[in-house]
1. Out of Ile94, Ile81, which single residue is of a type in the set (A, V, I, L, M, F, W, C) and exposed (fewer than 15 other Cβ atoms within 10 Å of the Cβ)?
2. Give the residues of the range 103-119 that are of a type in the set (Val, Ile, Thr) and surrounded by 14 or more Cβ atoms within 10 Å (Cβ to Cβ), sorted by residue number.
3. Can you tell me which of (1) closer than 17 Å to Ile76 by Cα; (2) exposed (fewer than 14 other Cβ atoms within 10 Å of the Cβ) is the one Asp176 doesn't meet?
4. Select, from Phe138, Phe122, the only residue that is closer than 23 Å to Ile9 by Cα and aromatic (Phe, Trp, Tyr).
5. Can you tell me which residue within the range 75-109, out of those that are of a type in the set (Lys, Arg) and free of Cβ contacts under 8 Å to residues at least 40 places away in the same chain, is farthest from Ala18 (Cα to Cα)?
6. For the range 44-64, enumerate the residues that are surrounded by 14 or more Cβ atoms within 10 Å (Cβ to Cβ) and in contact (Cβ under 8 Å) with a residue 12 or more places away in the chain.
7. Looking at the range 71-111, which of the residues that are over 23 Å from the mean Cα position of the chain (by Cα) and in a helix (DSSP H, G or I) is farthest from Glu137 (Cα to Cα)?
8. Can you work out which of the residues in the range 26-40 that are part of a helix (DSSP H, G or I) and of a type in the set (Val, Ile, Thr) is surrounded by the fewest Cβ atoms within 10 Å (Cβ to Cβ)?
Amino acid sequence: MEKTKYSKIYRIIHWAIAISFLLLLFTIFLRLTWMNKNNVAAIIQDYLSGTDQVLSQEQLISLAKKIRQPMWNWHIYIGYILTGLFSLRFILPIFGPMKFQNPFGKNLSIKEKFQKWTYIIFYLGVVISLFTGLIIEFGPKELKSSMEEIHILGIYYLIGFIVLHLAGVFIAEFTDQKGIISRIVSGSKKDY
């Protein structure tokens, strides 16, 4: 199997996208766990129980949402960055420094076709997530709820892809693509 060489621009975009995804997952993780509106409301309620102040559950949830909003704003900002990075990812192949994934090549093995189709499905999922995120932020209010439902499903393909991607990289590194990790990090294969 031919060893892929990764250009500097490809490596920068690859790692910028990877870091963006990890940061997005971190904000989702926080929102679903420690920064969950019900958890934050319970902390506020617990604090208020030692004072003369009383808030309704609705007021507690509203306050909890305000407390966690700055953290959630990072999710939105990173989404904008990811939109820009993916736009670059799709524009650059037109100029040559990066290639489109083509799963229809006649000389591709089943493994290579599987890899290329996995990336295409991943890219499609990301585009849907970015599009729905932008509709949630800038689109008509009547679409917000349905777009949020679709957008939330993005966590499942993202985690699945990350697991498949890392497994594939490690399998490749220890079988027929030795040096793939150093090539995506530094651009060249290090001999050990």
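The values are calculated or read from the model by the stated rules, or taken from the named source; none is laboratory data. A quick note: this is a predicted structure, and the numbers were derived from the prediction, not measured. Please note: Cβ atoms are built from the backbone with ideal geometry, for glycine as well, and neighbour counts cover all protein chains shown.
1. Ile94
2. Matches in the range 103-119: Thr118 only.
3. (1)
4. Numbers: Phe138 fails: closer than 23 Å to Ile9 by Cα.
Every option except Phe122 fails the conditions.
5. That would be Lys106.
6. Scanning the range 44-64 gives Ile44, Gln45, Leu60, Ile61, Leu63, Ala64.
7. Of everything passing the filter in the range 71-111, Ile110 is farthest from Glu137 (Cα to Cα).
8. Residues of the range 26-40 that are part of a helix (DSSP H, G or I), as a first pass: 26-32, 37-40.
Imposing the further condition that a residue be of a type in the set (Val, Ile, Thr) reduces the set to 27-28, 40.
Values: Thr27: 20, Ile28: 17, Val40: 19.
Applying the filter and picking the extreme gives Ile28.
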